[in-house]
Every structure is written in structure tokens, then in C-alpha cells.
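All remarks here apply to the structure that follows.
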Amino acid sequence: MTQLLDHHELQDTLGKLARAIAGAAPRDVPVAIVGIRRRGETLAKRLLPLLEKAGIAPLHYGVLDITLYRDDLTTIGPNAVLRGTEIEFDVTDTWVVLVDDVLYTGRSVRAALDALIDLGRPRAIRLAVLVDRGLRELPIQPDFVGLRTDTESHHVVRVMLKETDGVDEVVLDDRGNAH
Amino acid sequence: MTAGTRTKPVWTRKHLLAIAELSREEIVHVLDTAVGFQEVSTRSVKKVPALRGRVVVLMFFEESTRTRMSFELAAQRLSADTVDFVEKMSSTSKGETLLDTARNIEAMGVDIMVLRHPAAGAAQHLAEHVSCCVVNAGDGQHAHPTQALLDLFTIRERKGRVEGLNVAIVGDVAHSRVARSDLRGLQTLGAKVTLVGPPTLAPKSFETMGVRVTSDFERILPEMDVINMLRIQKERMTASGFPSVREYIRLFGMNSDRLKHCKPDVLIMHPGPVNRGIELAADVADGPHSSILRQVTNGLAVRMAVLFLCQQAAAVE
């Protein structure tokens, strides 16, 4: 097991992400931060105050549940727990930043794009991820990346966050290893 | 993609046949899943691709426009294709016809059968003989699980909980699958149930199921958190054991006078369609205590959850 980010590095990485997003955000279009359940949701929530500090306000915030849009539903089966999408604003004509923890095959992001577009017509959608581990299966690339790392398919990148896991840490592990 | 926590799935059933076979955890899982589906119906695009390419056949051997429509919309909002099978059938050839019909339909490649049938146990029988999912949409006087689930959902939504609530079910309990299903579901979630009706329609024998049975509606009103008024089937009113309509209204009808004796936040439910002025006075049915239309709306989300969960369970089988 290799540690990729410890608590401080994770906070710094989020700060870096927030500054990059703030630098790119348009000033004349409402900005929305949308986290993909579940860890993308937590990361998006943490980015909010950082973005406000960087001068991006007002901000919309929402959470996307992509369970019903996944292409691997039949393999993950009843493990998929539906928690629901919570987007209370009209996404049409907003500049949306999708936030996820790890970018891997790109399939989650594909599902998120479909889910988001069913809600309206955003002016633009950008993708921010904490870790890009490579090995894409779809032509999807991030706009804002916290950490790029080369991995192999037998690896697992675990993003653990205080809110859901009690600790802030990102580790690279072997798929066979029990957590 | 992070490796999620792979806990043991709560829901592993490909059929939903009766509420009585569900554990507390399973019921709560359906209700929680339905919360996630509520949002879909509020969007401009009221559709998600979860059951895209799946076929749901609605087999209604008994007239029920609302339940059939609710299932049909639920399936369509999950992007499934729906087919209607409508047949009036003779009572003599029920069992034979049902299986024969079902096998023929299955041979066309359907994924989920939603069955409404006048014979108790029909859904169970079907599930034993076909390989696709079977969802019971009401079988005789036996069970109507999605009605119970949507009633539980509505109670939980309005009251914040089900456990510990005093719930009355009023009317022709003996012949009602809604009453039976609601009763079992409420008990599983820890509500205290009182059955109310004339002894011929709410017999004392129900006490063996651990519920209170009474024919004194007025006396129990002040204790109740929820009062579920069953629909009086007018065609049954000529049967022996049934009081006259006037007598029924006087003893068991819910009206604004009786409402004054209830808790200020009492919830009045009805599975619909209402016989206005018989079991429920019009002003109560349309008043702030009534959840009748909300039950219909919630029914859609609950049926989406049921179709989704059964299909998922079948897919990993």
C-alpha cells in the first residue's frame, strides 16, 4: 500500500484545484459546483469555501446520483444504493464544474454527463478530479486535476475523507488486498 | 473510480409477492430507494435509463385503471418498454389460463410481469413457473404489496416515522387485500394497528395477528395518528353481513364532525378511488389532513423502486 496524499497534501491539492477553477471560471455566467455521489459530493462541499475565498460567488451547489445512468448496473446489482440527485437550481445556462474523487475508465463521468444533460442545458460542463489514475476506456479528459498518477488495472485508488471515512488520505493499493 | 464498500446487499428478491415476506430492512430499503426516485418525476425530462431495453408486461385480469397506469408510468420513467395484456377470463379456467398465458408471454422475451389477478396466490403461482421477475399488483383478497409500500412511504413522509404510531384501518377489513398488506407492513415497521368495522367486516379473529379490533370508531378517534379509510365496494353492499349505506356512513364514515375529535395533525388516508359521501366526506377527502393525492404521487416512486430493485436482483442472479 502506498500513500499518495496525506491530510495536509490533500488540503493543499484542493486549494490548488480551487484556484485553477477560479482562474478559469467565467465572470458573466452563474457557476455551479456539482459533486458526484458519494466522495465527489464531499469534495465539492469542501471546494465551496475555497472557491468563495478565491472570489467566485455566488455559487450553485448540487449533488448528482449517477446510479440510474451507469452502464455496469447489471454487474454491481443491488449494491447500487440510490440516494437521489439533489440539484435545486436550473442548470440551463450555468457553467458547471463536475467534481469526482478519482478519474479512471471515464464511465462514471459519461453517466454524470447524461444525468446532468437530462436536467437542462448548461452553458458548459467542466470536470475536476482529485486524482487522475489513467487507463481511460472512453474519450473523456479532466479540465482540473489535483494529482496525476500512473496505475495499473489491478490497483485500487482509495480516497478516504474525514466526513465519510474518519480520515483524510489517498492511497494506492492492490485490488486483492482487503481494506 | 474508487472501490466502494461492498456490503451484503439488502435486496436480493427478483419477485415482490407479498409484504408479509419482507423484513424491516427490506421495507426500509424500498422506501429509501423510492425517495431517490421522487426527484425523477419533478424534472423536465421525466426519465432515467435504468431499465432501458427491458420489457415490462402489465397483466391485469381485473380492472384497475389507476394501478395499471401507475405501474406503466413507473416502467416508462425507467425507460423500459411496456406491453399491456388485457383479458377478461372465465372463472372456471383461471389457473390453467394464467400459466399458459404467462408462458406464452415469457417466450416473447419479457423481463418483468406485473400481475393483477382475482385469485389469491396467483402471483406466487406464476413466480414458481416463470423465470422472469413477478410483481404482485393485487391478488384476490390476499395481498397488494405496492399499495402497502406506498402507504408506509406516505406515513413516513408525513410523520417522519412509522414506529410507535397509532394507525386505524377502517371498513371492510375482511375482504380487503389493502387492509391485509397494510396491516403486515405497519406491524413490521412497529406501528400499533387498530382495525375498525362492523364485526362481520372486521372480525375479532384478526386479534390473533396481534392487533386491536373494534366497532366503536368514535372512541378510538382521539388516539389515532393515522386513519386509513378503506374503499367500500358497492357491489359487495348487497351481500349479507353488510350494513345499509346509511348505517355505514353513520357508524364508520369519516366526516368533518368526526375530524374534530381527532388529533390536530391526524393523517387521513384512502387507497382510492373514494366513494365521496360514503366512507369519506368530500370536504375531508379534499382537506388538509388528507393524503389521497400524495399517495398516488408516491405510488409512482415506490413502483419505480420496486421494478428497479427486482430487475437488479434478477440481473445478478
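The values are calculated or read from the model by the stated rules, or taken from the named source; none is laboratory data. This one's a predicted model, so the numbers in the text were calculated from it and none came from an experiment. Note that we place each Cβ from the backbone using ideal geometry, even for glycine, and neighbour counts take in every protein chain shown. We work out accessible area using only protein heavy atoms, side chains counted, and drop any ligands, DNA or RNA first. Shrake-Rupley method; radii C 1.70, N 1.55, O 1.52, S 1.80 Å.
Worth a mention:
- Listed by chain and number, the aspartates and glutamates whose C-alpha is less than 13 Å from the C-alpha of B:Lys8, apart from same-chain residues fewer than 8 away, are B:Glu25, B:Glu26.
- Tensor-based shape of the stretch B:163-305 (alpha-carbon gyration tensor, a/c under 1.5 rounded, otherwise prolate or oblate): rounded
- Amide H contacts under 5 Å for A:Asp168, placed H, 5+ residues apart: A:Lys162
- Pairs exceeding 19 Å between alpha-carbon atoms, taken from B:Lys192/B:Lys260; A:Lys16/A:Lys45; A:Lys45/B:Lys47: B:Lys192/B:Lys260; A:Lys45/B:Lys47.
- Acute angle (nearest 10 degrees) that the helix B:65-77 long axis makes with the longest principal axis of chain B, alpha-carbon atoms: 40 degrees
- With all protein chains modelled, accessible area of B:Thr297 [1.4 Å, Å²]: 80 Å²
- Here the Karplus relation 6.51 cos²θ - 1.76 cosθ + 1.60, evaluated at θ = phi - 60°, turns the backbone of the stretch A:122-137 into coupling constants of x, 4, 7, 10, 10, 10, 10, 10, 6, 10, 9, 9, x, 6, 5, 10 Hz, with x for every Gly and Pro.
- The stretch B:289-317 and the stretch B:54-86 have Cα centres spaced 13 Å apart.
- Summary of the geometry: the stretch B:197-213 and the stretch A:41-65, compared by the centres of their Cα atoms, lie 57 Å apart.
- On Cα atoms only, tilt of B:292-316 relative to the major axis of chain B in degrees: 30 degrees
- Accessible area (Å², 1.4 Å probe, nearest 10) - B:His261: 110 Å²
- Per-pair calculated FRET efficiency, R0 = 45 Å: B:Lys47 and B:Ser256 via Cβ, rounded to 0.05: 0.65
- As a length-normalised measure over Cα pairs under 8 Å and 6 or more apart, the relative contact order of the stretch A:39-179 settles at 20 percent.
- Amide hydrogen neighbours beyond the local backbone of A:Tyr61, cut-off 5 Å, H modeled: A:Ile33
- Accessible area of A:Tyr69 in the full protein assembly, 1.4 Å probe (Å², nearest 10): 10 Å²
- Three-way shape call for chain A based on the alpha-carbon gyration tensor, with the a/c threshold at 1.5: oblate
- Spatially proximal aspartates and glutamates relative to B:Lys234 (Cα-Cα < 20 Å; intrachain offsets below 8 disregarded): B:Glu62, B:Glu63, B:Asp139, B:Asp172, B:Glu247, B:Glu279
- Angle in degrees between helix B:24-38 and the longest Cα principal axis of chain B, rounded to the nearest 10: 80 degrees
- Accessible area of the stretch B:145-292 divided out per residue, in Å², using a probe of 1.4 angstrom: 40 Å²
- The 3J(HN,Hα) values that the Karplus relation (6.51, -1.76, 1.60; θ = phi - 60°) gives for the stretch B:102-112 are, in residue order, 4, 5, 5, 5, 4, 4, 8, x, 9, 9, 9 Hz. Gly and Pro appear as x.
- Relative contact order of chain B, defined on C-alpha pairs under 8 angstrom at six or more residues apart (%): 21 percent
- Of the residues in the stretch A:87-125, those shielded by at least 50 Å² of accessible area once partner protein chains are present, compared with the chain alone at a 1.4 Å probe, are A:Asp118.
- Ellipticity at 222 nm from helices only: DSSP H runs of n ≥ 4 in chain B, each -39500 (n - 2.57), divided by the residue count, give -11500 deg cm²/dmol.
- Global form of the protein assembly as shown, assessed from the alpha-carbon gyration tensor, a/c cut-off 1.5: prolate
- Taking amide H positions as modeled 1.01 Å from N, with prolines and chain starts lacking one, the residues under 5 Å from B:Met254 and 5 or more places away or on another chain are B:Leu280, B:Ala281.
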